[in-house]
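A short worksheet on the structure shown next.
Just so it is clear, none of the values below were taken in a lab; they were calculated from the coordinates. Quick caveat: nothing in here was measured; it's all calculated off a predicted structure. Cβ: placed from backbone, ideal geometry, glycine included. Neighbour counts: every protein chain shown.
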Amino acid sequence: MDEKKVMEDAVATIARYVQFDTTNPPGNEMPAAMWVREQLTNRGITSDITIHEPVSGRGLVVARIAGSESLKPLMINHHMDVVAADPSQWSHPPFSGKVADGFVWGRGTLDTKGLGVMFMLALELLLREGVKFRRPVVFTAVPDEEPGGDNGMRWLVENHLKEIDPEWVWDEGSGGLKDVFGKGVMFAVAVAEKQIYRFKLIAEGEPGHGSMPHANSANTILLAALQRIIESPRPLKTGKASAAMFAGLAVTQKFPASFLLRHLDNPAVLKLAGGKLASEKFTNAVLRDTVSVNILQAGYQINVIPERAEAGLDCRLLPETDAAEFRRWLVSRIADDRIKIEMIQMSPPSGIAPTDSPFFQAVTGAVKKCSPGAGVFPLLMAGATDGRYWRERGYPAYGFSPMILERADISRVHGIDERISIDNLLLGIKMARDIIKTLCA
């Protein structure tokens with residue numbers, strides 16, 4: 001492999017991909033989807049490509065690379081849509097694909113157009129090397145992941161599941177984390193994720209003049225209820241996925257922390273270690289149901305007491321949590337008939353992908369080869385990905401982004417100055433090539 005040539009190709013390709021403004025809403029992924037089809041065709045990867053259009057202007061790419069045996073395919077997926085970016089806050093325009101300081105800058109470089117480029121170039125390398133696939137590969141580039149995937153992966157699964165029927169699904173994930181869990185690099189492979197539970201709280205009260213405040217104000221009613229919810233965090237719990245995750249991370253710690261992490265499924269150990277774990281936002285999020293008040297809407301004039309106030313809450317429930325029980329808890333904390341709950345979105349519990357599978361073993365092998373000394377552990381995702389649509393239906397779906405990020409890099413995902421290092425692009429292509437070859441050749 002001519003690493004210099006591959007690196008130059010990767011940089012030029014991701015820079016161009018980023019220039020498609022696929023901010024969602026509205027998404028408008030069709031031009032990007034057509035470009036992806038062009039890349040797959042021109043690189044000689046495959047011409048067996050379908051672009052679906054779940055709704056107008058939203059392109060969804062399904063490309064197939066044939067295998068010589070009657071095996072279920074490996075599905076490799078990334079999403080084309082991105083979250084919004086304010087250019088005034090960025091060092092370089094977010095849709096410029098600017099190459100500077102050893103990085104390609106732009107919205108989607110990490111989440112997840114970079115992953116799509118890694119997949120494409122890895123496939124191209126394998127085919128140019130003359131590798132013959134026994135197992136088919138299905139490459140997908142989907143729209144609409146960011147708000148939940150209704151017009152993307154959910155649509156694909158509901159309409160074309162039997163046509164794809166994958167052995168494994170490889171989707172986005174956390175990847176390698178440097179000096180986040182002690183010293184060194186640990187690669188996370190997402191095997192499960194929390195349930196989505198999003199809703200509005202709507203309070204109705206007595207309107208009036210701002211000079212005469214009173215207790216029956218919609219704002220006062222809503223704020224009091226929110227305070228009761230926030231002041232009563234859900235209990236810490238260890239489930240199968242989180243216990244496996246912390247046991248995998250125990251190697252990064254010295255005794256007694258290593259012992260505690262290996263035995264968090266013991267209630268006494270969890271009680272002992274809970275305070276420290278709850279103080280960190282990441283570990284807190286994977287050990288309890290979380291409630292985040294993200295939107296507040298009320299009022300239309302400063303001297304008018306409004307008759308209505310709303311709050312949008314994003315809750316993420318542990319895989320083991322019963323959603324009906326959570327709602328009962330929520331109602332008990334609100335404790336006010338003047339407030340209505342209006343559901344926005346909820347997802348069923350995610351299944352757990354096995355860690356003794358060929359896919360997990362292939363990732364472990366690629367990590368050992370490409371990043372000597374790094375570890376691998378199973379991850380319970382606090383956030384949601386498209387992989388859940390497959391796990392919910394019994395398919396083993398894994399989240400893995402083959403790159404190494406430091407703590408500061410993580411905040412760039414959905415944040416300001418998202419960027420991917422050129423070194424990470426090359427690393428990701430190498431690892432993707434090795435994993436695909438192991439599973440499919």
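Taking the dipole about the Cα centre of the chain, with the C-beta of Lys and Arg at +1 and of Asp and Glu at -1, give me whichever of GLY173, VAL291, LEU264 is farthest to the positive side. Working it through, the farthest residue towards the positive pole turns out to be LEU264.
Taking 0.36 nm per residue of separation and subtracting the current Cα-Cα distance, fully stretching the chain between ALA84 and ALA374 would add 101.1 nm.
Restricting attention to the stretch 1-97, which GluC sites (Glu not before Pro) occupy a DSSP loop and are surrounded by at most 13 other Cβ atoms within 10 Å? Within the stretch 1-97, the qualifying GluC sites (Glu not before Pro) (loop, at most 13 other Cβ atoms within 10 Å) are GLU69.
Could you tell me which of rounded, prolate or oblate describes the chain, using a ≥ b ≥ c as the square roots of the eigenvalues of the alpha-carbon gyration tensor, with rounded for a/c under 1.5 and, failing that, prolate when a/b is larger than b/c and oblate otherwise? Prolate, since a/c reaches 1.5 and a/b exceeds b/c.
In this structure the amide hydrogen of THR22, modeled in the peptide plane, comes within under 5 Å of the amide hydrogens of VAL82, none closer than 5 places in sequence on its chain. In this label model, ASN159 and ARG308 are separated by 3.3 nm, measuring between points 7 Å along each Cα→Cβ vector.
Structure remark: mean-square fluctuation, Gaussian network model of the chain, C-alpha springs under 10 Å; the largest value among ALA324, ALA366, ALA374 belongs to ALA324.
Computing FRET efficiency as 1/(1 + (r/R0)^6) for TRP329 and LYS271, where r is the C-beta to C-beta distance and R0 is 22 Å, gives about 0.60. Under a crude label model (7 Å from the Cα following the beta-carbon direction), how far is ALA441 from SER232 in nanometres? Each label point is offset 7 Å from its Cα along the Cβ direction, giving 5.8 nm. Applying both filters, DSSP loop and at most 15 other Cβ atoms within 10 Å, to the trypsin sites (Lys or Arg not before Pro) of the stretch 156-235 gives LYS183. Charges were assigned to the Cβ only: +1 to each Lys and Arg, -1 to each Asp and Glu. The resulting dipole of the stretch 322-438 about its Cα centre is roughly 240 debye. Both radii were evaluated on the Cα set of the stretch 118-244; the Rg over Rh quotient, with Rh as the Kirkwood radius, amounts to 1.17. Extension gain, LYS240 to MET1, is 81.9 nm, computed as 0.36 nm per intervening residue step minus the present C-alpha separation. Taking 0.36 nm per residue of separation and subtracting the current Cα-Cα distance, fully stretching the chain between SER279 and GLU69 would add 70.5 nm. For helix 240-249, report the angle its Cα long axis makes with the longest principal axis of the Cα atoms of the chain; keep it between 0 and 90° and round to the nearest 10°. Compared with the principal axis, the helix lies near 60 degrees.
Each Lys and Arg contributes +1 and each Asp and Glu -1, all at the Cβ; summed about the Cα centre of the chain, the dipole is approximately 1240 debye.
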